[in-house]
Amino acid sequence: MTVAPDRTGTGQRNGVGVQFQDLHRWYGRVHALDGLTIDIAPGELVALLGPSGCGKTTALRALGGLDEVDGGRILVDGKDMTHVPASKRGMGIVFQAYSLFPNMTSIDNVAYGLRLRGVGKDERRKRAGAMLELVGLEKQADRYPYQMSGGQQQRVALARALAIEPKVLLLDEPLSALDAKVRRQLREEIRRIQIAVGTTTLFVTHDQEEALALGDRVGVMSAGRLEQIAPPAELYDRPATAFVAEFVGLTNRLKGFAGDGVVEVLGAHVPLLAGSAGPGPVAALVRPEAIRLVAADGADAHVLAVSFLGSLGRVQVQLPDGDLVVAQVPATDVAGLGPGTAVRVTVVPAPVFAVAG
């Protein structure tokens with residue numbers, strides 16, 4: 001089990017450990033959770049990533065007590081919570097829909113959970129005010145939801161979830177209704193706040209960029225199973241299965257020949273990751289940033305198109321055999337790689353995953 005880093009500088013963590021032990025959940029013939037097992041360390045943020053219907057939201061709802069499981073156990077701080085009602089689990093939940101009360105101000109929305117728990121008026125306003133300050137909305141305390149932007153409303157929803165001092169914070173696609181710029185800003189705020197508070201957090205998303213940016217570890221799910229869970233860099237650089245290799249990030253499928261732990265692709269010998277196909281003909285899954293292009297008169301490959309992505313450029317190249325490859329290069333290199341440019345294509349010898357060709 002990966003242990004979350006000590007973020008307080010004191011050797012203390014505010015979160016609790018969470019364990020999914022061989023969880024199963026059926027919806028008719030659909031096996032939504034198929035033996036899901038995950039250990040989440042105290043104070044850790046785990047992001048669950050996967051396509052629609054992979055079981056990630058089912059796992060979150062099971063932890064929150066919003067859905068029953070058909071087998072296995074859920075432990076929180078060492079206590080079996082599998083069949084404990086949602087109201088007694090002490091979870092804070094933020095959904096895609098803000099679910100704010102339209103007739104309440106921001107501070108009253110944040111204080112609502114405290115009121116249900118019998119916290120006195122003065123204390124709950126003090127704590128709600130502190131949570132609004134934490135999310136940067138202290139000046140909007142007396143505004144109603146219709147007077148705020150979508151990003152501000154989602155910050156209020158986050159403050160409301162944190163105000164009850166939850167054992168675990170559950171975030172179910174909380175940013176998917178927001179535009180791209182606001183999503184980036186708010187995910188940075190969520191990370192800052194989660195680190196500051198130290199609450200153990202499960203974040204569910206279909207957005208790879210969000211998962212990799214937010215998670216201490218990222219779990220990739222497919223058809224109810226956990227394919228791999230690892231820190232973001234490890235997940236990206238060293239996928240453990242073909243599904244992870246192809247699902248996370250962009251890849252080129254390049255013809256190669258595997259043998260003795262390496263694959264020969266585009267004239268280079270590249271190390272193979274464990275679990276790869278071979279020996280024999282394979283498709284090597286090579287990241288665009290591992291492709292190197294050099295303009296060269298007389299080269300057999302040529303540039304088809306170039307996309308400008310800010311600090312990076314994405315270059316589509318046709319190989320001599322007609323196959324296409326996409327390279328990602330610094331924007332400063334794009335100027336000399338216009339459509340029609342003859343290029344020599346090589347591969348960086350970083351480990352790759354290979355699948356049956």
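The values are calculated or read from the model by the stated rules, or taken from the named source; none is laboratory data. Quick caveat: nothing in here was measured; it's all calculated off a predicted structure. Methodologically, a virtual Cβ is constructed for each residue, glycine included, from the backbone with ideal geometry; neighbour enumeration extends over all protein chains shown.
Of the residues V182, V218, which single one is assigned by TED's automatic domain parsing to the domain that holds C54 and more than 30 Å from P349 (Cβ to Cβ)?
The match here is V182.
Okay, residues lined up against (1) modelled with pLDDT of 95 or more; (2) hydrophobic (A, V, I, L, M, F, W, C); (3) within 24 Å of E234 (Cα to Cα); (4) surrounded by 14 or more Cβ atoms within 10 Å (Cβ to Cβ):
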residue: I291; (1), (2), (3), (4): yes, yes, yes, yes
residue: D300; (1), (2), (3), (4): no, no, no, no
residue: V303; (1), (2), (3), (4): yes, yes, no, yes
residue: G310; (1), (2), (3), (4): no, no, no, no
residue: Q318; (1), (2), (3), (4): yes, no, no, yes
residue: A335; (1), (2), (3), (4): no, yes, no, no
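Of all strands (runs of 3 or more DSSP E) completely enclosed by the stretch 38-104, which ones contain at least 1 residues that are at negative phi, touching a Lys or Arg at 6+ places or on another chain (Cβ under 8 Å) and modelled with pLDDT under 95?
In the stretch 38-104, 91-94 are the strands (runs of 3 or more DSSP E) which contain 1 or more residues that are at negative phi, touching a Lys or Arg at 6+ places or on another chain (Cβ under 8 Å) and modelled with pLDDT under 95.
What number of residues within the stretch 74-103 are under 24 Å from the mean Cα position of the chain (by Cα) and either aliphatic (A, V, I, L, M) or surrounded by fewer than 15 Cβ atoms within 10 Å (Cβ to Cβ) (or both)?
Summing the residues that are under 24 Å from the mean Cα position of the chain (by Cα) and either aliphatic (A, V, I, L, M) or surrounded by fewer than 15 Cβ atoms within 10 Å (Cβ to Cβ) (or both) in the stretch 74-103 gives 8.
Here is a list: Y98, Y144. Which entry is within 28 Å of G17 (Cα to Cα), assigned by TED's automatic domain parsing to the domain that holds L186 and in contact (Cβ under 8 Å) with a residue 40 or more places away in the chain?
Y98
Among the candidates A296, A258, A284, which residue alone is assigned by TED's automatic domain parsing to the domain that holds P351 and modelled with pLDDT under 95?
A296
Looking only at the stretch 182-229, count how many residues are within 30 Å of G28 (Cα to Cα) and assigned to a loop (DSSP other than H, G, I, E, B).
Residues in the stretch 182-229 being within 30 Å of G28 (Cα to Cα) and assigned to a loop (DSSP other than H, G, I, E, B): 4 in total.
Taking L250 and the conditions (1) at pLDDT 95 or above; (2) more than 22 Å from H24 (Cβ to Cβ), which numbered condition does it fall short on, given that it satisfies the others?
Answer for L250: the failing condition is (1).
Select, from V348, V329, V352, the only residue that is under 22 Å from Y236 (Cα atoms) and in contact with a helix residue (DSSP H, G or I) (Cβ under 7 Å, 6 or more places away or on another chain).
From the options V348, V329, V352, the qualifying one is V348.
Which condition breaks for L170 when tested against (1) part of a helix (DSSP H, G or I); (2) crowded, with 17+ Cβ neighbours inside 10 Å?
Failing condition for L170: (1).
Just one of (1) surrounded by fewer than 14 Cβ atoms within 10 Å (Cβ to Cβ); (2) touching a Gly at 6+ places or on another chain (Cβ under 8 Å); (3) at pLDDT 90 or above trips up P339, so point out which.
Among (1) surrounded by fewer than 14 Cβ atoms within 10 Å (Cβ to Cβ); (2) touching a Gly at 6+ places or on another chain (Cβ under 8 Å); (3) at pLDDT 90 or above, the lone unmet condition for P339 is (2).
For S149, state whether it is in contact (Cβ under 8 Å) with a residue 24 or more places away in the chain, surrounded by fewer than 18 Cβ atoms within 10 Å (Cβ to Cβ) and farther than 29 Å from D39 by Cα.
When the stated conditions are applied, S149 passes them.
Return the total of residues in the stretch 174-224 being more than 20 Å from Q96 (Cβ to Cβ) and in contact (Cβ under 8 Å) with a residue 12 or more places away in the chain.
Residues in the stretch 174-224 being more than 20 Å from Q96 (Cβ to Cβ) and in contact (Cβ under 8 Å) with a residue 12 or more places away in the chain: 11 in total.
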